[in-house]
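Since the structure comes first, as structure tokens, the remarks are kept for the end.
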Amino acid sequence: MQIHDLEKVFLDKIEEEIKIEPRDWMPDAYRKNLVRQISQHAHSEIVGMLPEGNWISRAPSLKRKAILIAKVQDEAGHGLYLYSAAETLGTSREETINDLHSGKAKYSSIFNYPTTSWADMGAIGWLVDGAAIINQVMLCRTSYGPYARAMVRICREESFHQRQGFEILLVLSRGTAEQKAMCQDAINRWWWPSLMMFGPRDGESTHSDQSMKWKIKRMSNDELRQKFIDMIAEQVKVLGMTLPDPDLKWNESRQHYDFGEIDWNEFWNVVKGNGPCNKQRIEARKNAWDEGAWVREAAAAYANKKKLKTNNGLEAA
Amino acid sequence: MQIHDLEKVFLDKIEEEIKIEPRDWMPDAYRKNLVRQISQHAHSEIVGMLPEGNWISRAPSLKRKAILIAKVQDEAGHGLYLYSAAETLGTSREETINDLHSGKAKYSSIFNYPTTSWADMGAIGWLVDGAAIINQVMLCRTSYGPYARAMVRICREESFHQRQGFEILLVLSRGTAEQKAMCQDAINRWWWPSLMMFGPRDGESTHSDQSMKWKIKRMSNDELRQKFIDMIAEQVKVLGMTLPDPDLKWNESRQHYDFGEIDWNEFWNVVKGNGPCNKQRIEARKNAWDEGAWVREAAAAYANKKKLKTNNGLEAA
Amino acid sequence: MLHTDSLIHYTLHLADNALILSQRNSEWCGHGPVLEQDIAITNISLDLLGQARNFYQYAAILIGGTASEDKLAYHRNENEFKNCLLAEQPKGDWAVTILRQFIFSAYQYLLYRQLAKSTDHQLAAIASKAVKEVTYHLRWSSEWVIRLGDGTAESHARMVNAIQDLWMFTGELFLPAPYETEIQNQGIITGVEKLQQEWITTIENTFSEATLALPTDTGWMQTGGKTGRHTEYLGRILAELQYMQRIYPNCEW
Amino acid sequence: MLHTDSLIHYTLHLADNALILSQRNSEWCGHGPVLEQDIAITNISLDLLGQARNFYQYAAILIGGTASEDKLAYHRNENEFKNCLLAEQPKGDWAVTILRQFIFSAYQYLLYRQLAKSTDHQLAAIASKAVKEVTYHLRWSSEWVIRLGDGTAESHARMVNAIQDLWMFTGELFLPAPYETEIQNQGIITGVEKLQQEWITTIENTFSEATLALPTDTGWMQTGGKTGRHTEYLGRILAELQYMQRIYPNCEW
């Protein structure tokens, strides 16, 4: 078949909502776009372990400690699914990881903010995972099969995490004055960064148009962001807390919440690497990787020895 | 002069209580014995910074924190005096330190016990520094001039430290039930190890006889130990605490306190390197030294550059 | 009454062992040498935390009144903690963590298997659930001991170092504390010293496959943890672990 | 009343800066690269602790009631601490410690010199005493910046790294917090932004002698410490620092 025939088959599948699978022909740009997005997503899971991991040793009850450890571990699991999905596109895990460490690949900027109080564990679950889910629910129907299937598994766990996060805040919101203050403070700090998670405004998003055409994405950044705001603006009432946006109010005609201006200057700065924790996060990941080099080498060497022994055994037999 | 004439001059000086000075002739064995003892003493000051340093970050009041930092810093200063005294005998600081790291040189075994409560800061000051002082007061009159003079300075500061340690315990002994228990617990843990600081029983001490003849030492291990016990057994009454020795009681005929058997098995094991913290202490010192290598090299390189510039400047002028 | 006291101490000893080792292992979470092993060690941390909670909950019932798992974990002081010194040692490199886990799992496996037959039905129930988890921990950690011991020259050297670092803390595992002797006399447990022979055989077999040598000079063993005399590490562990509860006592979380 | 509130906040800000940096520097005690420098950095730690105590004592007087230096240092929470983010960053290697101290001493030197002329006589008195200490800190640390910058290739590279690590925390020093603006309006202080030019000249001169370059892209600056928004490091510092007082409140030590 000629390239343009292949392309037609591909586009027809997209049109007919048939998933693209690893062995199918796909345009290079589609592959590249997916690799970029999936690996960015994988890195976000892995880097995202760090801000929450910061509170494992200090979780205020054994039950919360167990829930938190399990949650961070789930994120590692999500990372694994996603690295595997990226591998189906011909990119090895090592390459993907190297791109993270070199700064070539990005991860969600939200994880460049520090977790400075226990309430942040609640706010991350509720707001950050909440924002992620809005995005991921859409991705469960993304056009690339392995990515869509990974997303289905991930979504199930993420909504569990979001409920847990909300519950942490709910307990705080019903606690002592100090706990209430802790809760409100965390919401204040995480609200705007979580809105930024949906990326730049539609007009300024580089990859969006093509992604929509290929049904990698199915809703625009601004649509997703609005959906999130509408959801959270209702849920915050249950907590008896407020969102730190004086312009936030229900717009009867739009049937949506209006909201204030996002600080895009901060957004672009954090993306560029100037967030409070960018250096710290990447260094933590690099250190883990570098200090683990001898372990990976030992495991490989041992596996080789084993294989040789087995082969020799077979030959001798 | 012949060797035996030199030796006679040396021994006459010892006899007449004239200090031996760095440029004086001295027997090799005297020099060796002194280097061993002084560097062991220096190492004890340096390693001794670690158990107390362990509580600087957690000192329970700002005043206590300041006193503790100053105290540990004094110990570093004592280390400096003593390394200098050893250098007058022709041993460089680097050699001395290498001997510590290789395990060739010893330091006081007491610092191989852990500091696990704030009260340990008091017990170390009162008991450990107390035992050290008994030894050091004698060493102020030791036959080697630089060592004796270092000791005079050190003794002055040490007795200050001992008073501070006692005062920490005094406050605890007048505090809450928990503080009192903390105080007694620390005394229980530090009492026997501090008795071991005076070394093996007279019969089993390798270096003692010769050291006494040369007036490096002027009292035997057992004499010093008895002196210490007699002192502490009185002071503990002021604290309203007890020493953990059922056999401890005043002996009217000896005019000394009798006391129970020391666990010499433990003593020799800790000396051999099997104490709770031997590995930890030496590793901390080695790490500090190794990680400081690039700093020392940079300082040396810069000093060299400076010297070259000055020389070139002079030549050009 | 003494009966219960010793049983409480013993139950806390089991709980503290599991909690402190869980805390140490959880330091790897997000920092493991490879993602699959990050997950595995975190999983062990979670299992141990679960065991700790079961033991604390039982101790809280024995103590009665307002005792609770969180009161016991967060409001006892360092010298009330009864974990073995081995559990509180720093996580070190991957070799130290693996070796400690292997030593500990081999011990816990035998201990829980024995405890599952205890006349104390509550302890028996907790132990028989836990023994399943520990069986997996033991397999995983012994596989890693072999992989590292028989891997590269570097990994072998690191394992040898780890053995040197940790061996002196193994004696305490099999030295009964007074409260253990007490409930052993009462027939509640069989006695930990009886496990030592089988334990050393487990260690020896795996070491031999890993081309690692058992220390010949077993040397002087460090003890004290079981009766509240710890190394300098526990204080710092507790400062973090108990931070929130100490600052905000009597809150719900 | 507002007058006093801002003055209290400002005094606490000065105290917290000194305390947290003192705590960081004291981590070197017993672990310095060479004995003389172990003593020197510990000495700076002691001086800073002394400054912190003077400021806390003054704040306690302003607050009145049962306030005390220890209550203020040991019983405030993370988001009440007003130190600059720079002070709480990890000690890092000797290059990071030296650079941080140099940056901070250059700042403190100008700040205290200005503060010594404050209409608030208590602040003025504390500052004029402290400026003598800081003069020495500045000399010592700038000598080390030069020595490391112009030492070996490795030490130069480490200084370059340290600059990359720390530079983004320098902007906050000269960005007045609301309480600073407030007491500046009241004529108590002259305003920290006026110090920036002289500060950068100090940095530049020493860097130039050290063959080090000022960052050209000054980039985005991290802020928040002065108003209680910290990095993840402060929480861990306080967990240790406050440990004893939190466990045993209302005790004498």
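For this structure, a couple of remarks:
- Taking one quarter of the surface of the convex hull spanned by the alpha-carbon atoms of the protein assembly as shown gives a direction-averaged projected area of 59.5 nm².
- Relative packing of peptides C:34-40, B:175-181 - highest average C-beta neighbours within 10 Å first: C:34-40, B:175-181
- Sorted into 20 angstrom bins from 0, the C-alpha pair distances of chain A split as 29, 54, 16, 2, 0 percent.
- Hz values of 3J(HN,Hα) by residue in the stretch C:169-181 - Karplus curve (6.51, -1.76, 1.60), Gly and Pro given as x: 9, 7, x, 4, 4, 10, 9, x, 6, x, 5, 5, 4
- Shielding by partners for peptide B:287-296, expressed as the average number of C-beta atoms from other protein chains within 10 Å of each residue's C-beta, is 6.
- Only Lys, Arg (+1) and Asp, Glu (-1) charged, at Cβ; the protein assembly as shown dipole about Cα centre in debye: 120
- For the stretch A:231-239, 3J(HN,Hα) per residue [Karplus equation, 6.51 cos²θ - 1.76 cosθ + 1.60, θ = phi - 60°, Hz, x = Gly/Pro]: 5, 5, 4, 7, 5, 5, 5, 4, 7
- Taking the alpha carbon gyration tensor of the stretch D:3-247, multiplying each eigenvalue by 5 and rooting it gives semi-axes of 28, 21, 17 Å, largest first.
- Rounded to the nearest 20, the size of the Cβ-charge dipole of chain B about its Cα centre is 1020 debye, with Lys and Arg at +1 and Asp and Glu at -1.
- Over 31 Å (Cα to Cα) - which of B:Lys71/D:Lys82; A:Lys286/B:Lys306; A:Lys104/B:Lys306; C:Lys91/D:Lys91 fall in this group: A:Lys286/B:Lys306; A:Lys104/B:Lys306
- Here is how far apart the D:Glu36 label points are across copies: 5.5 nm, shortest first, using a point 7 Å from Cα toward Cβ.
- Per-residue mean of C-beta atoms belonging to partner chains within 10 Å, peptide B:45-56: 4
- Each part reduced to its alpha carbon centroid, the stretch A:245-317 and the stretch A:99-118 end up 7 Å apart.
- For A:Asn188 and A:Trp25, the FRET efficiency from 1/(1 + (r/R0)^6), where r spans their Cβ atoms and R0 equals 60 Å, is about 0.75.
- Less than 5 angstrom separates the built amide H of A:His256 from those of A:Asn251, all sequence-distant by 5 or more or on a different chain.
- Summing both sides, the accessible surface hidden between A and C at a 1.4 Å probe radius is close to 4000 Å².
- Overall form of the stretch A:1-82 per C-alpha gyration tensor (a/c, 1.5; a/b vs b/c): prolate
- Split the accessible area of the stretch D:59-193 by element, probe 1.4 Å, and carbon with sulfur accounts for 55%.
- For chain B, the solvent-accessible area of protein heavy atoms averages 43 Å² per residue (probe radius 1.4 Å; ligands and nucleic acids excluded).
- Sequentially through the stretch C:145-157, phi angles give Karplus couplings (6.51, -1.76, 1.60; θ = phi - 60°) of 4, 5, 4, 6, x, 9, x, 9, 4, 5, 5, 4, 4 Hz, Gly and Pro residues having no value and appearing as x.
- Ellipsoid equivalent to the stretch A:194-317 - semi-axes via the Cα gyration tensor, in Å: 50, 20, 17
- Surface composition of the stretch A:1-89: carbon and sulfur make up 54 percent of the accessible area, probe 1.4 Å.
- Förster radius 25 Å - calculated FRET efficiency between C:Thr66 and C:Ser128, Cβ distance, rounded to 0.05: 0.25
- Label-to-label distance, nm, for residues given as D:Glu204 and A:Asp230 (7 Å Cα→Cβ offset): 5.5
- With label points set 7 Å from Cα along Cα→Cβ, the inter-copy distances at C:His121 are 8.0 nm, sorted shortest first.
- Pairwise centroid distance, computed over Cα atoms, of the stretch C:157-211 with the stretch C:38-75, Å: 23
- Charge dipole of the stretch C:3-247 (Cα centre as origin; +1 on each Lys and Arg Cβ, -1 on each Asp and Glu Cβ, all else neutral): 440 debye, rounded to the nearest 20.
- Considering only C:Phe169, C:Cys84, C:Ile200, and ranking their Cα positions along the charge dipole of the protein assembly as shown that arises from unit charges at the beta-carbon of Lys, Arg, Asp and Glu, the one farthest toward the positive end is C:Cys84.
- Peptide C:149-156 has a mean of 5 when you count, residue by residue, the C-beta atoms of other protein chains within 10 Å of its C-beta.
- Protein-only accessible surface order, largest first, of B:Thr310, B:Thr96, C:Thr181, C:Thr66 at 1.4 Å: C:Thr66, B:Thr310, C:Thr181, B:Thr96
- Most positive-pole-ward Cα, A:Ile18, A:Gly275, A:Pro114, against dipole of chain A from beta carbon charges: A:Pro114
- By the helix-only formula, in which each DSSP H run with n ≥ 4 contributes -39500 (n - 2.57) and the sum is divided by residues, chain A has a 222 nm mean residue ellipticity of -21500 deg cm²/dmol.
- What separates the C:Asp217 label point from its copies, with the point 7 Å along Cα to Cβ, is 5.8 nm, written shortest first.
- Entry note, chain A: relative contact order of 18 percent, from Cα contacts under 8 Å with a spacing of 6+ residues.
- At a probe radius of 1.4 angstrom, the accessible area of the stretch D:3-247 per residue rounds to 33 square angstrom.
The values are calculated or read from the model by the stated rules, or taken from the named source; none is laboratory data. Small disclaimer: the values here were computed from a predicted structure and weren't measured. Cβ atoms come from the backbone with ideal geometry, glycine included; neighbour counts cover every protein chain shown. Protein only, heavy atoms only, side chains kept; ligands, DNA and RNA dropped before computing areas. Shrake-Rupley method; radii C 1.70, N 1.55, O 1.52, S 1.80 Å.
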